[in-house]
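Written out below as structure tokens is the structure these notes cover.
Only the coordinates and a few stated rules stand behind these numbers; no lab work does. Predicted model, so just to flag it, every value in this text is computed and none were measured. Positions of Cβ are generated from backbone atoms using ideal geometry, with glycine treated the same way; all protein chains shown enter the neighbour counts.
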Amino acid sequence: MDLGEGLRQALAKLTRSTIIDAKTIKEFNKELQKTLLSADVEVELVLKFTKDIEEKALKSKPPEGVAPRDYITNLVYDELVKLMGKTYTPKIQKQRVLLMGLYGSGKTTSAAKLAKYYQDRGLSAAVVCCDVSRPAAYEQLETLAKNANVAFYGEKGEKDPAKIIRNGLEKFKDRHVVICDTSGRSALDGALIEELKRVSNAFNPEEKILVISADIGQVAGRQAREFDNAVKLSGVVVTKMDGSGKGGGALSATNAAKTSVMFIGTGEKLNNIEPYDANKFIGGLLGMPDIASLVATVQEAIKEANIRPEEMEMNELNFDSFYAQLKTMGKMGSMKSVFGMMGAPDVPKEAMEQSEDKLKKYKTIIGSMTKGERQNERLLHEHGRIARIAKGSGVTEKDVHGLISDFNKMKKMFNTLKNDRNFKKKFAKFM
């Protein structure tokens, strides 16, 4: 069970209680403690968190017109925001960013993600490979930079990172954002500290950021303190936040270490990075819908899928327009993240996996149709067409019939909605 699921279950038990008194609050706090400890949040933080909730719940009264259950839910929300740290607002301006981290933290991928993030917001960005210890670091960052469409510089075989950064800065003196990826180690030792100090002196960065993996839990706090003592951090990037039960432990630990979380990595794709928003993160844990992110995700997915505006026209639903929608959904990330943004994070895992498999199969089937079949589904009733499509897409004829059946249900619903005068206007605005 991850942190969000545990919190939602504890709140659900509280909501079902007929009376909310001291005994109910204590039982509720036990559930919170169990959930937070299993998510690797430090014991001292858990005890303080639940103590603050108990004191506020028992010593203060809900405002007039607010139900006690809603009041306590709001208390939990506010205390979680304090526990996990403040919201970060990125500076969209010219800057140099130095990235540090141990092996396996996702530092190199984060360098490309951050460069893409800033470049997507109008700043020209470049990455410089100063990792002179890991053999594949040069090739990895070069490939990632190419995929992110940002500039890259490195010197294969060069062992002096300070020399690489000086040459890189000369090459990228006209770039708005330059991000330097440094060497890692299995632990922070004297040699790494000395190397980071030399690179920092040569680079003179505005931001010095530590990259930490969410799955290390409360160890993140110790790492943050050690790196901060060595090179004085601006903040951290927490990676692998896509469903990790240890994410809360890492966030709370870095916050307790007085190091702010700047960005979180939410998946493997290069656009799966976002500034840390405490309210949004806690809202996601508690199952609150995030419509703004959903809309932004849809818009980004349409852009990535290279879908032309006319493909999203909803005057008529046919297999062509349905295929465009499937392409969009395929670019939106996992079903879990989409349902989470919709405020429904507890859809059974098996159901989500089956839905994802079905959507992939449907895309393959439609891809095997002719242009005429995609625009006029009635042609599929002609002899031999379904057998040909099934063979071409590597599925059974039953699978093709299943797609047609689901499509006809969607078309019936679409035709009903189309009669709503405001539907097309709302849909166009949403897209």
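The table below gives the values:
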| read-out | value |
| --- | --- |
| Listed residue pairs exceeding 23 Å between alpha carbons, taken from Lys358/Lys412; Lys363/Lys409; Lys107/Lys146; Lys173/Lys208; Lys240/Lys361; Lys13/Lys358 | Lys240/Lys361; Lys13/Lys358 |
| FRET E, pair Glu158, His401, Förster distance 60 Å, beta-carbon r, rounded to 0.05 | 0.50 |
| Which of Leu3, Leu14 has the fewest Cβ neighbours within 10 Å, and the rest in rising order | Leu14, Leu3 |
| Cut-off under 5 Å, modelled amide H: who pairs with Phe152 long-range | Val127 |
| Formal net charge of residues neighbouring Lys30 (Cβ-Cβ distance under 13 Å; K, R +1; D, E -1) | +2 |
| Residues Ile72, Ile404 arranged by fewest to most Cβ contacts within 10 Å | Ile404, Ile72 |
| Virtual spin-label span in nm between Ala187 and Ala136, 7 Å along Cα→Cβ | 2.5 |
| Whole-Hz ³J(HN,Hα) from phi, Karplus 6.51 cos²θ - 1.76 cosθ + 1.60, for region 229-234, glycine and proline x | 5, 7, 9, 6, 7, 7 |
| Residue order, fewest to most beta carbons within 10 Å, for Leu169, Leu7 | Leu169, Leu7 |
| Region 3-84 - percent relative contact order, Cα under 8 Å, separation 6 or more | 31 |
| Region 179-285, relative contact order [Cα under 8 Å, separation at least 6], % | 23 |
| Charge tally in the Cβ shell below 10 Å around Leu14, where Lys, Arg are +1 and Asp, Glu are -1, Leu14 excluded | +1 |
| Label-point separation, Asp21 to Asp70 (7 Å along Cα→Cβ), nm | 2.5 |
| In region 147-180, the GluC sites (Glu not before Pro) that fall in loop regions by DSSP, at most 15 other Cβ within 10 Å | Glu158 |
| Distance between region 140-177 and region 212-234 - C-alpha centres, whole angstrom | 25 |
| For region 249-262, 3J(HN,Hα) per residue [Karplus equation, 6.51 cos²θ - 1.76 cosθ + 1.60, θ = phi - 60°, Hz, x = Gly/Pro] | x, 5, 5, 5, 5, 5, 5, 5, 7, 6, 10, 7, 7, 9 |
| Gained length - Asn147 relative to Arg198, 0.36 nm times residue gap less alpha-carbon distance | 15.4 nm |
| Net lengthening on full extension, His381/Lys411 (0.36 nm per residue, minus Cα-Cα) | 9.1 nm |
| Region 5-58-region 355-406 distance, computed between alpha-carbon centres (Å) | 51 |
| Net charge of neighbours whose Cβ lies under 10 Å from the Cβ of Lys240, counting Lys and Arg as +1 and Asp and Glu as -1 | -2 |
